[in-house]
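> Please read through the structure below; I'll follow up with questions.
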Amino acid sequence: MNTKNLYLLLGFVLLSTQISAQTTTLTQSSAQVCAGDPVRLTATGCDKTVVWSNGMQGASIVDSVSKTTAFTAVCMEGENVLFNYDITLNVEVVLKPRTPYLMCNDDEIKKGRSTKIKTFGCLGTVYWSNGETGREIKVSPEKTTTYTATCRNSNNCAAEPISRTIIVYEDKSELTPTVSWKYGCDGESVVMTADGCTAGTYVWYKHKLLLGEVSTTEEINRGSSVEVTDGGNDYFYTARCQFLECLGNESNRLQLAFITKIDAPTVTKTFTINTSNPEAVDLTSALGKAMTSGGVFEFRKTEDLASAKISDPTKILEPGTYFVSERSNGGNCVSNSTKIEVNAVEGNSQGVSPVVVENVQIPSVNPNAVTPAVVSNQTVQTTDIGATIASAEPNDNLDDLGIPQAFSPNGDKMNDVFLIKNIGENEVSLRVYNRYGHLVYDAEKYQNNWDGTANTGLLSQSKIGLPDGTYYYALKLADGRQKISFLTIAR
């Protein structure tokens with residue numbers, strides 16, 4: 001061994017001795033942090049450059065972590081690795097809770113009064129800037145004060161804080177109006193009135209909400225009442241009383257609810273009364289199901305909804321024109337009226353006459369014939385109320401499509417749609433009629449998606465499915481083949 005190599009060997013031995021004499025370890029400030037919070041990592045025993053697995057360099061680094069991470073490090077001199085740390089630092093990341101919503105009874109209060117500030121959506125404990133804890137606090141600030149709420153979960157991770165400023169004043173009016181209102185119907189307006197401001201003028205405000213917080217506020221009227229058309233979860237209204245230059249406290253907040261406008265009832269019968277020997281007829285038998293949940297029918301002798309109602313519409317003994325309307329549950333919305341004719345006849349004829357159903361088309365039926373014509377492979381029959389419909393005998397050419405005779409659209413994900421199994425590439429039109437001959441479903445290009453809800457006619461505006469019972473359909477292929485038959489909806 002020459003002298004140069006000997007010196008190199010002695011140097012390596014001395015360096016190894018120095019490294020082994022030092023403590024080479026990795027430490028961390030915490031084994032668990034909240035997402036996005038910093039952790040400090042420290043390496044000892046390397047007098048050169050410490051390079052960490054996250055790419056950072058230095059004997060002590062601070063890194064913000066968003067997910068659970070394992071950290072390692074090496075000691076380097078230039079591009080040469082002197083040694084690897086044989087320790088791995090595992091930092092577990094815990095998710096932070098979401099920021100809660102704040103709601104305050106009054107954002108502006110008179111000095112000496114109190115108000116409540118509430119939080120919503122904190123899955124943990126709420127800590128307030130005034131030292132209190134809990135989802136709700138009652139405060140009585142002496143001056144305008146900002147209160148901050150912070151939500152902490154069981155791992156002591158904190159959400160982004162949220163603040164609300166309470167304005168305190170001394171020179172405003174004591175008057176606080178209360179606001180009264182009613183439900184509105186779609187397309188109509190609601191008139192709100194206020195009371196409690198006998199010595200001043202009412203000022204009305206419209207507030208728009210965004211994520212539960214007030215985003216805009218505008219003055220909309222001055223006076224004892226205001227007419228509005230916007231409602232739902234995005235708006236609320238308040239009133240204040242202005243006396244001279246003083247603007248009083250805010251009234252209670254109101255969010256308006258608008259009910260779907262009710263269509264006029266559909267009448268399926270006319271009646272006859274024998275004037276010589278009258279028997280009572282039941283006007284209610286001319287109607288189907290109410291359009292609204294809990295809706296009721298009202299019968300009158302005029303179209304005027306303010307006129308007196310007929311006390312017992314099931315025992316009508318006089319011929320004439322009667323009117324029926326529907327009133328929603330709670331009495332807030334009333335439909336237009338529909339006529340019910342009760343005709344006078346002489347002799348023994350009395351009872352029910354069918355309403356003419358004009359929207360049912362029977363292929364090749366002669367409209368001038370006394371009895372509807374019979375089309376090949378079809379039989380024509382009449383329902384119990386006189387609506388002419390057609391039924392089809394089995395059609396071998398369409399049996400391969402796999403057309404069901406019934407389905408149960410009850411939301412259990414089994415047989416919920418009218419599924420033509422082998423529709424394939426066939427272009428199919430589908431029309432469905434109820435037992436009164438009214439078209440309730442019409443699809444020019446059927447996509448196996450009918451769930452028993454009407455898309456045309458009286459019930460098309462309702463979210464309630466068609467009632468259980470027997471319907472009939474007219475199914476036609478692009479090549480001209482068609483089938484008319486019955487189906488059953490059974491939930």
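Each value in this text was obtained by applying a stated rule to the coordinates, not by laboratory testing. Not measured: the values here are computed from a predicted model. Methodologically, a virtual Cβ is constructed for each residue, glycine included, from the backbone with ideal geometry; neighbour enumeration extends over all protein chains shown.
> Can you sort HIS438, HIS207 from fewest to most other Cβ atoms within 10 Å of each residue's own Cβ?
HIS207, HIS438
> For the range 27-94, take N as its residue count and report Rg(C-alpha) divided by 2.2 N^0.38 Å.
Normalised by 2.2 N^0.38 Å, the Cα Rg of the range 27-94 equals 1.10.
> Here's another thing I want to ask about it. Amide H neighbours of ASP106 under 5 Å, at least 5 residues apart or on other chains, H built in the peptide plane: list them.
So ASP106 has HN proximity to LYS116.
> Please report ARG491, ARG300 as a ranked list, fewest other C-beta atoms within 10 angstrom at the top and most at the bottom.
ARG491, ARG300
> Of LYS413/LYS476; LYS143/LYS208; LYS269/LYS445; LYS421/LYS445; LYS118/LYS143, which ones are farther than 22 Å apart at the Cα?
LYS413/LYS476; LYS143/LYS208; LYS269/LYS445
> Using θ = phi - 60° and the Karplus curve 6.51 cos²θ - 1.76 cosθ + 1.60, what whole-Hz ³J(HN,Hα) does each residue of the range 399-415 get, with Gly and Pro shown as x?
Residue by residue, the range 399-415 yields 4, 5, 6, x, 7, x, 9, 7, 8, 10, x, 10, x, 8, 6, 10, 6 Hz.
> Starting from the Kirkwood radius over alpha-carbon pairs of the range 101-169, derive D by Stokes-Einstein at 10 °C in a medium of 1.306 mPa s and give it in µm² s⁻¹.
D = 129 µm²/s.
> Skipping prolines and chain starts, which residues have an amide H placed within reach, meaning under 5 Å, of the one on CYS185, given they are 5 or more residues away or on another chain?
For CYS185, whose amide H was placed from the backbone, the distant partners under 5 Å are ILE259.
> Would you mind checking which residues have amide H under 5 Å from VAL94's amide H? H placed 1.01 Å from N; only 5 or more apart, or other chain.
It is VAL33, CYS34, ALA35, by chain and number.
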